[in-house]
Amino acid sequence: LPPRLEPRYYVRKSDDKLLDVAFMRFNGDYDWRVWQSTAGHSTLATRTEQGEEKNKVCRIAYEMLGVREGRRPEHLVAHTDLILRGRPLRVSARFKGDGRGLKVAFLFVDARGEVFQAPEERAITWEGWKRISLTADNFPEGWHHWSGDGKPDYPLLGFGITLTAPDTTFRGRGILEMDDVLILSEVPKPAATSRTRHSSKSTKPKA
């Protein structure tokens, strides 16, 4: 396949340690896989930022229909392709909120399709842009996971979010925007190579 301009990958040095960096600005197209708990019509797509013609963002157009009392609040799960060679250490992204309190959490998908969701959710109670960050250096300890054994298989091949309604009674439509996703992860150590030493013994002829 031809190389894609995004996500952008590079290596940087921090405190005498090399880190992998993955950066998503959404200036290119992304293919999102979306699962929803009800028959809503939520979508994620690259669009021009509202009121800013020079910048593109991931626009999350959500629709929540509500669920019965006693069930988990309505939610959607969405992820797109992204490669992380090693364990994630930190994730951050900017979100433009609508002040309605939907909760967002980051997630990763490993090489076998297992999903790992961060235990920390942030309620988007603000309007306008705000950056949220997550320290993930304990990954996968404490993370929710499904479709696997809880042990990540590297490389990780997907990044995404869950978006959850504030409660079971929440209904409505709205638009959130996401931009400048930055993920720092470990640079894997080179695999050790074993060398076989061949020793030659000289045999002294018998007299």
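Filter the range 77-97 down to the residues that are open to solvent by less than 40 Å² (accessible area, probe 1.4 Å) and more than 12 Å from the chain's Cα centre (by Cα), then identify the one that is farthest from Phe139 (Cα to Cα). Don't jump to the end; show me each part of the working.
Here is the first cut: in the range 77-97, the ones open to solvent by less than 40 Å² (accessible area, probe 1.4 Å) are 77-80, 82, 84, 86, 88-89, 91-93, 95, 97.
Then drop every residue that is not more than 12 Å from the chain's Cα centre (by Cα), which leaves 86, 95, 97.
Numbers: Gly86: 11, Phe95: 23, Gly97: 27 Å.
Going through the qualifying residues, I end up with Gly97.
For the range 53-76, give me each residue that is among the basic types (Lys, Arg) and either open to solvent by less than 50 Å² (accessible area, probe 1.4 Å) or part of a strand (DSSP E or B) (or both). Working first, answer last.
If we filter the range 53-76 for residues that are among the basic types (Lys, Arg), which is where we start, we get 54, 56, 59, 68, 71-72.
Result: Lys56, Arg59.
One line per residue, one yes/no per condition, for (1) part of a strand (DSSP E or B); (2) more than 13 Å from the chain's Cα centre (by Cα); (3) small (Gly, Ala, Ser); (4) closer than 23 Å to Tyr30 by Cβ:
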position	(1), (2), (3), (4)
Gly101	no, yes, yes, no
Val104	yes, no, no, yes
Arg112	no, yes, no, yes
Leu134	yes, no, no, yes
Lys151	no, yes, no, no
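Can you say whether Phe116 is assigned to a strand (DSSP E or B), under 14 Å from the mean Cα position of the chain (by Cα) and over 30 Å from Lys54 (Cα atoms), as far as the supplied structure shows? Walk me through how you get there before you give the answer.
Working: assigned to a strand (DSSP E or B): yes; under 14 Å from the mean Cα position of the chain (by Cα): yes; over 30 Å from Lys54 (Cα atoms): yes.
Yes.
Take residues that are among the hydrophobic types (A, V, I, L, M, F, W, C) and open to solvent by 50 Å² or more (accessible area, probe 1.4 Å) and tell me which of the strands (runs of 3 or more DSSP E) falling wholly in the range 11-52 contain 1 or more.
Result: 17-24, 33-36.
Residues are listed down the side, and each one gets a yes or a no for (1) among the β-branched types (Val, Ile, Thr); (2) over 20 Å from Met24 (Cα atoms); (3) in contact with a Ser or Thr (Cβ under 9 Å, 6 or more places away or on another chain):
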{"site": "Lys54", "(1), (2), (3)": "no, no, yes"}
{"site": "Ile60", "(1), (2), (3)": "yes, no, yes"}
{"site": "Glu63", "(1), (2), (3)": "no, yes, yes"}
{"site": "Gly86", "(1), (2), (3)": "no, no, yes"}
{"site": "Trp126", "(1), (2), (3)": "no, yes, no"}
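Please go through the range 1-55 and pick out each residue that is basic (Lys, Arg), free of Cβ contacts under 8 Å to residues at least 40 places away in the same chain and within 24 Å of Ser185 (Cβ to Cβ).
Across the range 1-55, the qualifying residues are Arg4, Arg8, Arg12, Lys13, Lys17.
Take the range 148-173 and flag every residue that is surrounded by 15 or more Cβ atoms within 10 Å (Cβ to Cβ), modelled with pLDDT under 95 and under 26 Å from Gly51 (Cα atoms).
If the condition is that a residue be surrounded by 15 or more Cβ atoms within 10 Å (Cβ to Cβ), modelled with pLDDT under 95 and under 26 Å from Gly51 (Cα atoms), then no residue fits.
For the range 103-147, enumerate the residues that are open to solvent by 70 Å² or more (accessible area, probe 1.4 Å) and of a type in the set (Ser, Thr, Tyr).
Scanning the range 103-147 gives Thr125, Thr135, Ser147.
The values are calculated or read from the model by the stated rules, or taken from the named source; none is laboratory data. Not measured: the values here are computed from a predicted model. Heads up, the Cβs are rebuilt from the backbone with ideal geometry, glycines too, and the neighbour counts pull from every protein chain shown. Side chains are part of the model used for accessible areas, which takes the heavy atoms of the whole protein and leaves out ligands, DNA and RNA. Shrake-Rupley method; radii C 1.70, N 1.55, O 1.52, S 1.80 Å.
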